[in-house]
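Comments concern the structure below.
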Amino acid sequence: MRKVIVVIALNLVAIAAGHAQSNLPFNVEPVTSFDEPWALTFLPDGRMLVTEKKGNLFIVTRDGQKSDSIDGVPDVDYGGQGGLGDVALHPNYPANKIIYLSYAEGGVGDTRGAAVARAVLTEDSGGGYLSDLEVIWRQYPKVVGFGHYGHRLQFDDEGYLWISSGDRQKFTPSQDMQSNMGKILRLHDDGSIPDDNPFVDYFTNQNPLADDIGVYGQIWSLGHRNPLGLAFDLDGGLWDMEMGPSGGDELNRIRRATNYGYPIVSNGEHYDGRPIPNHDTHPEFQAPAVWWTPVVSPGNLIFYGGTMFRDWRGDALIAGLSSQAIVRVEIDGDTAREVERYNMGARIRGVVEGPDGAIWVLEDEEEGSMGRLLKLTPRR
Ligand SMILES: [Ca+2]
Ligand SMILES: [Ca+2]
């Protein structure tokens, strides 16, 4: 009797899974899989770089052939939300072969923090190696704990490097100009601070007698929690997608020198139930363009610029972890609204647009299984 029930239950699960797939307006093609994949970016020749959180970097063809793990990746502090993170290409990659990696880096004692390194990628028969590695940015200060690194990387059309830096679950750094945590940062490609950043003169203006930590010059915007998505829309506007606390995930249009309010305001509440005042109680902080309760739990954010999914052009796509979905958001100037949600039946770590407009998806690994790389193409 018990066996029969189990068989029936399994069949129902199979039917439910098949049903979810058939309702999707696109084909889902599994390409290969990875051990805790975190980020994917396309090379100019149409292959991909894929990171695994434990510290592996691969070159992957679009038919799923993986190189050996690239040598010379910096040691990562793997654990909790930490490990190897994002990967980005230098704007002049075709000539200089420089790539950027973000990762969790161990510090003194039990402390750790996000770091960004750049290095030259050279391919060889087995895969390749990184050389001339230099760390160009670090979260300050390093703290204990394994969460909220943020550490998405994005270059803009002018060649500036943008970094999303999480609050490391310490709350107050998001409002502290002596920390670069809980901020969106704008740097030159070598990590130096652009002269026209909004807070380059902050310190001398505010407190000329205290120790000069020097990170305020990196800051473009503040009051962020854990910005796991960072992307430019098709008009060049910058947006971030933040994991909220209990409720209150946020999609924000990022503006120069603007304060987004965390941890003073959030449309979510603390995990232990203590309230956090909502955004509308403090209009001096910029409210999100859209917020979600229950949460999406973002993995990343892109704006779709292709033509293969013609109706999606210009829309934001958000990878959903706990929501196990891809969320499509229409934007109109500074306003935005969710228009559709695609149930993927697995935690989604990343969505990336391929060179031909197909959408590539990284699943977040479930316990005891590999996170798949999926290719999405429209149903005909
Ligand atoms: Ca906010
Ligand atoms: Ca609240």
- Those residues of the stretch 47-66 which are hydroxyl-bearing (Ser, Thr, Tyr) and under 13 Å from Leu130 (Cβ atoms) amount to Thr51
- Task: Just give me the residues in the stretch 223-250 being within 12 Å of Val290 (Cα to Cα), of a type outside the set (Phe, Trp, Tyr) and in a strand (DSSP E or B), in sequence order.
- Result: Asp240, Met241, Glu242, Asp249, Glu250
- Any chance Gly159 is at pLDDT below 95, of a type in the set (Gly, Ala, Ser) and in a loop (DSSP other than H, G, I, E, B): no
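Only one residue in Gly350, Gly357, Gly368, Gly299 is farther than 28 Å from Gln81 by Cα and either not β-branched (Val, Ile, Thr) or not in a strand (DSSP E or B) (or both). Which one? Show your work before the answer.
On the way: Gly350 fails: farther than 28 Å from Gln81 by Cα; Gly368 fails: farther than 28 Å from Gln81 by Cα; Gly299 fails: farther than 28 Å from Gln81 by Cα.
After applying the criteria, what remains is Gly357.
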- Just to be sure, is Asp195 under 22 Å from the mean Cα position of the chain (by Cα) and either among the β-branched types (Val, Ile, Thr) or surrounded by fewer than 23 Cβ atoms within 10 Å (Cβ to Cβ) (or both)? no
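If I ask for residues that are closer than 15 Å to Gly261 by Cα and within 16 Å of ligand 2 (Cβ to nearest atom), which ones from the stretch 235-246 would you list?
So in the stretch 235-246, the residues closer than 15 Å to Gly261 by Cα come out as 240-245.
Of everything in the stretch 235-246, those that are closer than 15 Å to Gly261 by Cα and within 16 Å of ligand 2 (Cβ to nearest atom) turn out to be Glu242, Met243, Gly244, Pro245.
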- Task: Working only within the stretch 253-270, note down all residues that are within 16 Å of ligand 2 (Cβ to nearest atom) and out of contact with any helix residue (DSSP H, G or I) (no Cβ under 8 Å at 6 or more places or on another chain).
- Result: Tyr260, Gly268, Glu269, His270
- Query: Applying the selection to the stretch 41-87, what residues are charged (D, E, K, R) and outside any strand (DSSP E or B)?
  - Reply: Asp45, Arg47, Lys53, Lys54, Arg62, Asp63, Asp68, Asp75, Asp77
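Condition (residue is more than 15 Å from ligand 1 (Cβ to nearest atom) and under 20 Å from the mean Cα position of the chain (by Cα)) applied to the stretch 287-295: is it met by at least one residue?
Within the stretch 287-295 (the criterion being more than 15 Å from ligand 1 (Cβ to nearest atom) and under 20 Å from the mean Cα position of the chain (by Cα)), the answer is yes, since at least one residue qualifies.
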- Message: Which of the numbered conditions does Arg328 fail, given that it passes all the others? Conditions: (1) within 16 Å of ligand 1 (Cβ to nearest atom); (2) surrounded by fewer than 20 Cβ atoms within 10 Å (Cβ to Cβ).
- Response: (1)
- Asn278 fails exactly one of the following numbered conditions: (1) farther than 17 Å from Asp334 by Cα; (2) touching a strand residue (DSSP E or B) at 6+ places or on another chain (Cβ under 6 Å); (3) surrounded by 16 or more Cβ atoms within 10 Å (Cβ to Cβ). What is the number of that condition? (2)
- Query: Between a first residue in the stretch 151-179 that is over 14 Å from Pro263 (Cα atoms) and a second residue that is of a type in the set (S, T, N, Q) and surrounded by fewer than 23 Cβ atoms within 10 Å (Cβ to Cβ), which pairs have beta carbons less than 7 Å apart while being 6 or more apart in sequence or on different chains?
  - Reply: Trp162/Gln154
- Query: What is the one condition in (1) modelled with pLDDT of 95 or more; (2) within 19 Å of Ser369 (Cβ to Cβ) that Ala16 does not satisfy?
  - Reply: (1)
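Every residue, every condition in (1) over 16 Å from Leu301 (Cβ atoms); (2) within 13 Å of ligand 1 (Cβ to nearest atom); (3) under 15 Å from the mean Cα position of the chain (by Cα), yes or no:
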position	(1), (2), (3)
Leu230	no, no, yes
Asp235	no, no, no
Gly247	yes, yes, no
Glu250	no, yes, yes
Tyr260	no, yes, no
Val265	yes, yes, no
Glu269	yes, no, no
Pro275	yes, no, no
- Filter the stretch 296-314 down to residues that are crowded, with 21+ Cβ neighbours inside 10 Å and more than 17 Å from the chain's Cα centre (by Cα), then give me how many there are. 1
- Query: Which one of these is surrounded by fewer than 14 Cβ atoms within 10 Å (Cβ to Cβ) and modelled with pLDDT of 95 or more: Asp86, Asp71, Asp45?
  - Reply: Asp45
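The values are calculated or read from the model by the stated rules, or taken from the named source; none is laboratory data. Note that the structure is a prediction, hence the values are computed from the model and not measured. A quick note on method: Cβ atoms are made from the backbone with ideal geometry, for glycine too, and the neighbour counts reach across all protein chains shown.
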